[in-house]
Amino acid sequence: MNVRYLALEARAVMRDIRFLVFTVAMPAVLFLVFDGLFGGQAFADGTQASPALMVSMAGYGAMGAALSTGLTIAAERGSGWLRQLRLTPLSGSGYLTAKTTLSMLVALPSVLLVSTLGATVGGVSLTGSQWLVVTLGLWIAVLPFGVLGVALGQLSTSSNAQAMSGALMSVLGLTGGMWIPAEIVPGWMRHVMQATPSFWLREFGLSAFSPVASRTTGLLVLAGWTLAAGLVAITRFRADVARA
Amino acid sequence: MTNTVVTAGSVVTAPAVRLTGLVKRYGSTVAVGGVDLEIATGEVLALLGPNGAGKSTTIDMMLGLIAPDAGQARLFGRSPREAVVAGQVGAMLQTGALRDGLTVGETVAEIAALHRQPGRVPEVLAETGLTELAKRKCAKLSGGERQRVRFAIALISRPELIVLDEPTAGMDVEARREFWASMRAYSDTGRTVVFATHYLEEAQSFADRVVLLRQGRVIADGTVAQIRAAASGRTIQAVVPNATLEELRRLPGVDHAEVREDRVTLRCGDSDTALRTLLDRYRDAHDVEVTAAGLEDAFITLTESDPEENR
C-alpha cells in the first residue's frame, strides 16, 4: 500500500467544497433538523428516535462519501489519467485497493461529525461499547459501499457517473430506511428494503441500542454485497485494461 | 543499470527498444501490421506518419499499455511492464490528461509517490519551469503549461527512455520551441527519446533517425538525410530562355522536367551533373536555385506510392 499516494488522494477529496457541503455537512445538518423535530420520540418497537436518526444520517453520509470515489474513478478513466498511472509501478490490484481504502477514509468524517453532534447537542446517550458500534462498527460496515463505489467507477463513464451515483444514493437512502424509517413502513416495503445493503448498514448501527435489530444477518448480507461488487469491479477493470 | 542480457555466456547490452513482428488488429482493421524496430540506447527517433498510420498503437504496445495480437515489445531486454516498474521508462501520452481538481504540485507529487521518489518533486518542477505554477489547479493551465506538467510526470523516475506521443500537439510556436529545447537538454545526457509526430519539421530538427509509418507498417527507416535522398534527390530551378521540354528531359542527371514560360524546374537524381550540363549548354540560363527536397517531399513521395495497392 502506497501511503503517500493515498494521503494525497484523500487530501484532494477533503479539499473539494462540493464534497464537504453535500456529503459531509448536509447529513449533519439534516440530523440536527430531524433530531430537533422527532428526537424525544421512540418507535413502536422501543427503539429511541434520537440515536436512530444519528445512525441513519451518519450512515447516509458515509455511504455517499464512499460511493463518490466512483466519480473520480470514472473521471480518471475518461481523461486518460488511468493510463498515466499504468506507467508507474502501481499495479491494477494496487489501484483498486487504493481506491477502496480511499472510499473508507473519506467516509470517516461523516460518521465522526454526526456522532459528535449526537453526543453533544443531539442528546444521544449511549454506553461506551454502544458508541463503539455506532462509530467504528458503522464505519467498517460501510465497506460494501466503498467497493460498490469502485465498481460504479468501472461501470459508468465520466459523463454519466454523476447521474448514476445520484440515482443510486436516492434509491439506497430510501430503501435503507434512512429517509423514511423502516420501522414505520408497511410490511411488504420492509421486505424490499431488506435486499439492499443500506438497510443492513442502518440495521447494524441500530443493533447497538435497539431491542430488536439483529446483527448476524446484516453482516452476511453486507459481506455478500462486498463480494459481488468486488467481482464486478475486478472483472470490469480487467476488461477495460485489455481494451485500452 | 541492468540493461544487459546474458546470451550464450556473453554479456550483450540490450537495445533500449526492440519490437519484433508487432501486430494489432481492431476488428477487421489492422492498426499495426507487423512492425520490427530496434532502437539503440541514446538514439533520438521520430515515428513519423499521417493520422491513422499506427503511431499511437505502436507506442501503446511499446509501453505495455495494450497487448499485441502477435509479436512482442522488449525494453532494455525485459518486458515493458518490468521496465516501467523499474522506472526506466517515462512517457507523455496523447490522451494523458490531467486531473482538473489537483494542483500542478499535487499532480507531480502523486506520480512521484507512486515511483517512491517523493524527493524528486521540487527538482522536476524546476527542470520543467513549473515551480511558479506549483500551486495552480490543472484546470487553469494553458495548453503549453499542461504539456509541461505531463513532461514533468514523464521525468519523475529519471527514465533512461522517454516516449512522447505527439508531444507538441496544442502548443503554440514559442511553447514548442521551449519544449524541444528542454527535450534536447534531456537527450544530451545520453538518454533515449522516441517521439511520434506528424510535424515534419520536428522530425527533421530533433531526430537522429526517422521511421516512417504508413498503414501500420514501416515504409522507411533511416537518418533524415537518408530518407530525403531515398525519396527524391534535389531540384534545380532556373530561368532558361529558348529551352524545349524535350531537350531538358534528356539532360544527364535529370529525372523529370517542367517548363513554365522560361522558368524550368528539374527534379534530379544527380543534380551536380545536371547543373554542369545545363549551364554549359544554355549560356543565358540565370537565376539558378538548387534545393534539397525537404522531408515533406520525401514523406509525400514515400507515402503516395503504395506497393500493396493492387492487393
Check your understanding: Which FRET efficiency value, to the nearest 0.05, is calculated for residue B:205 and residue B:79 with the Förster distance at 51 angstrom and r the Cβ-Cβ distance?
Key -> 0.95
Exercise for review: Excluding residues on the same chain fewer than 8 positions from residue B:140, give the lysines whose Cα lies under 29 Å from its Cα.
Suggested key: A:99
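When only C-alpha pairs under 8 Å and at least 6 residues apart count, what is the relative contact order of chain B, in percent?
Details: 601 pairs, mean separation 56.1, N = 311.
About 18 percent, as a whole number.
Provide the gained length on full extension for the span residue B:69 to residue B:51, in nm with one decimal, where the gain is 0.36 nm per separating residue minus the Cα-Cα distance.
Here the segment from residue B:69 to residue B:51 would lengthen by 4.3 nm.
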Exercise for review: Please give the per residue accessible area of the stretch B:234-292, computed with a probe of 1.4 Å over protein heavy atoms only, in Å².
Suggested key: 64 Å²
Practice item. Give the angle, between 0 and 90 degrees and rounded to the nearest 10, that separates the Cα long axis of helix A:92-120 from the longest principal axis of the Cα atoms of chain A. Key: 30 degrees
Practice item. Could you check the simple spin-label distance between residue A:167 and residue B:29, using points 7 Å along Cα→Cβ, in nm with one decimal? Key: 3.0 nm
Point to revise | Relative packing of peptides B:43-53, B:69-79 - highest average C-beta neighbours within 10 Å first | key: B:43-53, B:69-79
Review point. Which whole-Hz couplings ³J(HN,Hα) result when phi for each residue of the stretch B:174-190 is put into the Karplus expression 6.51 cos²θ - 1.76 cosθ + 1.60, θ = phi - 60°, listed in order with x for Gly and Pro?
Key: 5, 4, 5, 5, 4, 4, 5, 5, 6, 5, 5, 4, 6, 6, 5, 7, x
Exercise for review: Please report, as a whole percent, how much of the solvent-accessible surface of the protein assembly as shown comes from carbon and sulfur atoms (probe radius 1.4 Å).
Suggested key: 57 percent
**Study point:** residue B:140 accessible area, 1.4 Å probe, all protein chains in place, Å² to nearest 10
**Key:** 150 Å²
Check your understanding: Mind checking how much accessible area A and B bury in total, 1.4 Å probe, in Å² rounded to 100?
Key -> 2600 Å²
Point to revise | For the stretch B:234-292, the fraction of alpha-carbon pairs in successive 5 Å shells from zero, as % | key: 4, 23, 38, 28, 6, 0
Review point. Just from the alpha-carbon atoms, what are the Rg and Dmax of chain B in angstroms?
Key: 23.7, 75
Point to revise | Ratio Rg/Rh, restricted to the protein assembly as shown and using Cα atoms, in which Rh is the Kirkwood radius | key: 1.17
Review point. Per residue, how much accessible area does the stretch A:148-206 show when a 1.4 Å probe rolls over the protein heavy atoms, in square angstrom?
Key: 40 Å²
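Where the only charges are on Cβ atoms (+1 Lys, Arg; -1 Asp, Glu), what is the dipole of the protein assembly as shown about its Cα centre, to the nearest 20 debye?
About 1800 debye.
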Review point. Which net charge results when you count Lys and Arg as +1 and Asp and Glu as -1 among the other residues whose beta-carbon is under 15 Å from that of residue B:60?
Key: +3
**Study point:** For residue B:41, residues with placed amide H under 5 Å, excluding near neighbours
**Key:** B:16
Review point. Against the longest alpha carbon principal axis of chain A, how many degrees, from 0 to 90 and to the nearest 10, is the axis of helix A:161-175 turned?
Key: 20 degrees
Revision key, fill the gap. Per the helix-only model, chain A has a calculated mean residue ellipticity at 222 nm (DSSP H runs of ≥4, -39500 (n - 2.57) each, divided over all residues, rounded to the nearest 500) of -23000 deg cm²/dmol
Check your understanding: How do the peptides A:180-193, A:138-151, B:147-160 rank, highest first, by the average count of neighbouring beta carbon atoms within 10 Å per residue?
Key -> A:138-151, B:147-160, A:180-193
Revision key, fill the gap. Counting Lys and Arg as +1 and Asp and Glu as -1 over every other residue whose Cβ sits under 13 Å from the Cβ of residue A:137, the net charge comes to +1
Check your understanding: Tell me, what ³J(HN,Hα) does each residue in the stretch B:213-219 have, in order and in whole Hz, if you take phi through Karplus 6.51 cos²θ - 1.76 cosθ + 1.60 with θ = phi - 60° and put x for Gly and Pro?
Key -> 10, 8, 6, x, 10, 7, 9
Exercise for review: Please list, or write none, the lysines whose alpha carbon is within less than 20 Å of the alpha carbon of residue B:24, excluding same-chain residues fewer than 8 places away.
Suggested key: B:55
Practice item. Measure off 7 Å from each Cα along the Cα-to-Cβ vector at residue B:291 and residue A:236, then give the distance between these two points in nanometres to one decimal. Key: 5.6 nm
Check your understanding: Sequence-distant or interchain residues sharing an amide H contact under 5 Å with residue B:164, placed H: which?
Key -> B:92, B:194, B:195, B:196
Review point. What does the average come to when, for each residue of peptide A:7-20, you count the partner chain Cβ atoms lying within 10 Å of its Cβ?
Key: 2
Check your understanding: What's the angle, to the nearest 10 degrees (0 to 90), between helix A:143-155's Cα axis and the longest principal axis of chain A?
Key -> 40 degrees
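Between residue B:117 and residue A:15, how high is the FRET efficiency from 1/(1 + (r/R0)^6) when r is the Cβ-Cβ distance and R₀ = 25 Å? Nearest 0.05.
With a Förster radius of 25 Å, E is 0.55.
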Review point. Normalised by the residues of chain A, what does the relative contact order come to in percent, with Cα pairs under 8 Å and at least six apart?
Key: 25 percent
Study note, to complete from the structure: With R₀ set to 56 angstrom, the calculated FRET efficiency between the beta-carbons of residue A:7 and residue B:250, to the nearest 0.05, is 0.10
Review point. Amide H of residue B:255: which non-local residues (sequence gap of 5 or more, or other chain) have their own amide H closer than 5 Å, using H built in the peptide plane?
Key: B:267, B:268, B:269
**Study point:** J(HN,Hα) series, the stretch B:45-56, from Karplus relation 6.51 cos²θ - 1.76 cosθ + 1.60, nearest Hz, glycine and proline x
**Key:** 10, 9, 9, 10, x, x, 4, x, 7, x, 5, 5
Practice item. Could you do me a favour and compute the accessible area per residue for the stretch B:11-228, 1.4 Å probe, result in Å²? Key: 38 Å²
Practice item. Report the charge-dipole magnitude of the stretch B:1-145 in Debye, nearest 20, computed about the Cα centre from +1 at each Lys and Arg Cβ and -1 at each Asp and Glu Cβ. Key: 260 debye
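With +1 on each Lys and Arg Cβ and -1 on each Asp and Glu Cβ, and nothing else charged, work out how big the dipole of the stretch A:108-244 is about its Cα centre, in Debye to the nearest 20.
It works out to roughly 260 debye.
The values are calculated or read from the model by the stated rules, or taken from the named source; none is laboratory data. Computed from a prediction, not measured in an experiment: that's the story for all the values here. Virtual Cβ from ideal backbone geometry, glycine too; neighbours counted across all protein chains shown. Remember, those area values only see protein heavy atoms, side chains included, never the ligands or the DNA or RNA. Shrake-Rupley method; radii C 1.70, N 1.55, O 1.52, S 1.80 Å.
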